[in-house]
Amino acid sequence: MHQWGIIIEDGSTMDFDLTTAVSKAQKGDALAFDFVVEKTQRMAKSYAVRYLGNISAAEDAIQEAYVQAWRDLPKLSNPTAFVSWLKRIIFKHCDRLTRSAHPTELFDESLFAGIGRQPHCATDRIDEFGEIYSAIDTLPPLQRESILLYYLDDYDIKEISESLNLPSSTIKNRLCVARKQLRKDLWFMDTSITSEQKESSREREIRRSILLRILDDFKQQLKRDPITADRGLLDQGKTALLDLLKKDKDLTSEEIRGGFYFLSLKFDKKTLSAVLARYLSQDISDSETAWAYYQLILAISDAADTLLAYESFEKWLPGKKFRLAWEWPHYPLADNSDEDAWTENNFQMLCLSMTRYCYKDIWRSRDYFNKVDDILKLTPATEEDAARRFELLRYSVDAAVDVDDFEHADSYLTQMNELADLTKYKDQQILLRHQCLEQAITIAMGKKNEKDAFEIAMQYLKLIEDEKKDEKNLKYVQIARHNIGFYLMRIKRHDLALSLWKTSESEGVLHGFGGCSHFFYAATLWQVTKDRENTLALLRRAHTLREDPSFRKSFLEYSEFADVRGDSEFLEAVGE
């Protein structure tokens, strides 16, 4: 038999694909069915072994499945659906074997490793794994077929669409409906299994696959259109993560990143901090530990607990070696990566900067400024690390202004300007100079000097007008415009701020700020025009893009919304 055809009696080959072979086999062509078996037996064996965990039993199951397939083939209405149809037959024969055989007859000895060789544990595994498939089996046939192909066989939407000869939109709808029905059965499974009873690697693979496929789904939707992306997937992703944690097994780096992504977008800091603390209890690399400490410091809401996490990080840090990505969210880098990275001393600066308000909240601002001064003295500034030191100083300006310590604020701003001149990368230099101007505005506003703040904002605006002549600076100009708009709004120059928001809207870049631009645009628009319809639309978009509780708090605090704080439509728009 050739790879792409069947040898016929004269020695030549008859070339056709699987679907054609299935169609011929349906008419009684045994040679065509031999071709079908040849093309699918590797997949069939793999599928059965994954379920049964025993090669011999899997071979028995697929032999019986092919006999039934040959007998029932005329009943198959769509030859392109043969593979998924065959898998359902294989599943039924595997399921029959699991229910009729004694566990020790069916499962390989290796499955009992680590559980005290107690047969009842294997029985629990069979029952729980069967529960997964039983839940799927309760779905209507069309939904079940799509779920099996997508989650268990790793087909993408396009492949399922081609396999079933249906539009992609139909497949997406079937998956959406099926996921909702499966959610309780599949993800809130019986939790009575004790921590000593370990799930099989295949069960783990299914749970992990669910988490990662939901993650992939949501990222693709977000890339296509952040407004219409199904944010119900965030809840589904969280549920899948918690289901993994219930099994009391270590999370992989891939799983922790998936969970981090979902929980961050949901602003579920309580769950995120618990998951990160759990991850830190595992045997993980120094780079993974440093990353988890940093994200834990950000996730904890209570100031005292945040400082406990940071000071635990300080104690852990001496002698450790790690490299984390410069770009948020600073994931660990491979040892051979040449990507721009945070290293030990600089990353401590970043972590310290994240505690700036916490020290103030427990009346320890002086300790924070002393730590900043001490850490900056450890190593001299260089061209390579200028931007990293800059981050600590930038955040420390905020901390100093917040407690009216303008001596420290002015000193930090002076050092920021020196570092902006020192950095050797032109694009970094542009960004750092922008941030120097922003912190100069922050200091002026802290000193209640709105005139100076306005003059610096106009200087900043003139600078980006010059910079936008070079297309390479466009992303920095767009970020700067967003920030200038915010500062102008805060010093009551709403007319100028409004023109900046409209420019960003016309360029299609409002979405790039996670809902913040929509919220500030709404506040400015309402203050200037009282345009109810468009203001509500902007607030709803802000809430859709970023389910951030701080938006609701800001809505109740911003003077721009003072006249509608009790308005039910406005409260609904911000998720109140």
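Things to note:
- Convex hull of region 301-432 built on C-alpha atoms - directionally averaged projected area, nm²: 8.4
- As a size descriptor, the averaged projected area of the C-alpha convex hull of region 431-506 was calculated at 4.6 nm².
- For residue 462, the lysines whose Cα falls under 21 Å of its own Cα, not counting residues fewer than eight places away in the same chain, are 426, 451, 472, 475, 492, 502.
- The stretch between residue 552 and residue 327, if pulled fully straight at 0.36 nm per residue, gains 78.2 nm over its current Cα-Cα span.
- Taking 0.36 nm per residue of separation and subtracting the Cα-Cα distance, full extension of the segment from residue 316 to residue 427 would add 36.5 nm.
- Modelled FRET efficiency - R0 41 Å, residue 59 with residue 220, Cβ distances, 0.05 increments: 0.60
- With 0.36 nm allotted per residue and the present C-alpha distance subtracted, the residue 242-residue 334 stretch has 30.3 nm of extension available.
- FRET efficiency, residue 357 to residue 383 (Cβ-Cβ, R0 35 Å, nearest 0.05): 0.70
- Entries of 320/360; 172/219; 180/266; 87/180; 39/87 with Cα pairs more than 25 Å apart: 320/360
- In nm, spacing of pseudo-spin labels at residue 285 and residue 472 (7 Å Cα→C-beta vector): 3.2
- Close amide H contacts of residue 325 (hydrogens built in the peptide plane, cut-off under 5 Å, sequence separation of 5 or more or a different chain): 331, 333, 342.
- Residue 18-residue 373 pseudo-label distance in nm [points 7 Å out on the Cα-to-Cβ vector]: 7.1
- The modelled label-to-label distance between residue 410 and residue 142, using points 7 Å beyond Cα along the C-beta direction, is 7.4 nm.
- Of the trypsin sites (Lys or Arg not before Pro) found in region 372-452, those in coil by DSSP whose Cβ has at most 12 other Cβ atoms within 10 Å are 424, 448.
- Cleavage-rule hits, chymotrypsin sites (Phe, Trp or Tyr not before Pro), region 331-408, DSSP coil, Cβ neighbours within 10 Å at most 16: 363
- Intensity falloff of region 385-433 expressed as log10 I(q)/I(0), Debye formula with alpha-carbon point scatterers, at q = 0.18, 0.32 Å⁻¹: -0.50, -1.11
- Alpha carbon convex hull of region 224-374, volume per residue in cubic angstrom: 138
- Separation of region 228-278 from region 472-493 is 33 Å, based on Cα centroids.
- GluC sites (Glu not before Pro) lying in DSSP loop within region 238-301, provided at most 10 other Cβ fall within 10 Å: none
- With all pairs of separate Cα atoms included, region 202-266 yields a Kirkwood hydrodynamic radius of 11.9 Å.
Read-outs throughout are calculated quantities, based only on the coordinates presented, and are distinct from any laboratory measurement. Since this is a predicted model, take the numbers as computed values, not measurements. Cβ: placed from backbone, ideal geometry, glycine included. Neighbour counts: every protein chain shown.
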